[in-house]
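See below for the structure under consideration.
What follows is calculated from the coordinates using simple rules that are stated; it is not laboratory data. From a predicted model like this one, the values you see are computed outputs, not experimental measurements. FYI the Cβ positions are ideal-geometry reconstructions off the backbone, even for glycines, and counts take in every protein chain you see.
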Amino acid sequence: MTKPPVGSNRTGRKLGQKVKKGKLKASSRRWIERHINDPYVQRAKLEGYRARAAFKLLEIDEKHQILKGARRIIDLGAAPGSWSQIAAKVTDSSDEDIRVAAIDFLEMAPLPGVKILQLDFLDPAAPDMLMEAVGGTPDLVISDMAAPTTGHQKTDHLRTMHLCEVAAHFAVEVLAEGGHFLAKTFQGGTERDLLNMLKQNFRQVIHVKPASSRAESVEMFLLAKGFKGRRTRLETVADDQDDP
Ligand SMILES: C[S@@+](CC[C@H](N)C(=O)[O-])C[C@H]1O[C@@H](n2cnc3c(N)ncnc32)[C@H](O)[C@@H]1O
């Protein structure tokens, strides 16, 4: 069971530490203080995960069982790699038999069993390269992609929502029947058209906010479970006419 970490100092570091006032801007100091005092950061270190984000995926899985039985996983916006670490473990992926493909435009240190593409997911070549890298039909597409921040919140949200939308269309193109799609989104940010598209293609579509996602952040995750399979164009047109 994924329990929220308590304020222990098992890493040898005490919680509640302050950063000395110096040359740092107040906002940078607050960020560093929050980071070093974050129990999930400390727990990620203890458990060997590259990022605290690991606990978001583990908590979502604990409640919604999306990892169990997954044989191939595509991880979008993967760096530094904690979701890929989990994906490689659950799929039993190895360098001899790769079952996880990860993409990020940032460099990511190698991980056993993970084929890493350093590329923009929005590059038109990315979908085919990911499918080639994962070596078969994936049953899970996970996306923690967040657009680099510009300082203008509305622009940042729109860019991340766009990534979520492109990831959703990719998932519908590539997933195996019964597969799942998980992607980062924002509270109130998911477009109605995207939700409708997902509802047509998956048995269940919900928003989830794991405890490890900071309460003050508007980050949410969109979870679409049970892919119905690719349907014929005629069926889709008929659905659209029933539900304009
Ligand atoms: C929150 S981090 C992912 C953390 C990761 N899930 C983990 O567990 O380590 C979001 C990542 O999305 C990546 N990203 C954002 N836009 C992207 C794009 N268009 N193509 C590829 N990666 C992208 C960023 O570079 C960043 O590394």
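Points worth noting:
- Cut-off 13 Å between beta-carbons: net charge of the residues surrounding R52, Lys and Arg +1, Asp and Glu -1: +1
- Here region 26-171 is assigned +1 on the Cβ of each Lys and Arg and -1 on the Cβ of each Asp and Glu. Its dipole about the Cα centre then comes out at about 660 debye.
- Using the Cβ-Cβ distance between R214 and T137 with R0 set to 35 Å, the FRET efficiency works out to roughly 0.50.
- Check: region 77-121 dipole with +1 on Lys, Arg Cβ and -1 on Asp, Glu Cβ, in debye: 120
- Cross-link pairs K56/K154; K25/K56; K45/K154; K63/K115 - those with Cα-Cα distance over 26 Å: K25/K56; K45/K154; K63/K115
- Computed FRET value (nearest 0.05) for A146 with R192, which takes r as the C-beta separation and R₀ as 22 Å: 0.50
- Kirkwood Rh (inverse of mean 1/r, distinct Cα pairs), region 39-184, angstrom: 15.3
- Amide H to amide H, with H built 1.01 Å from N, A147 comes under 5 Å of T160, counting only residues 5 or more places away or on other chains.
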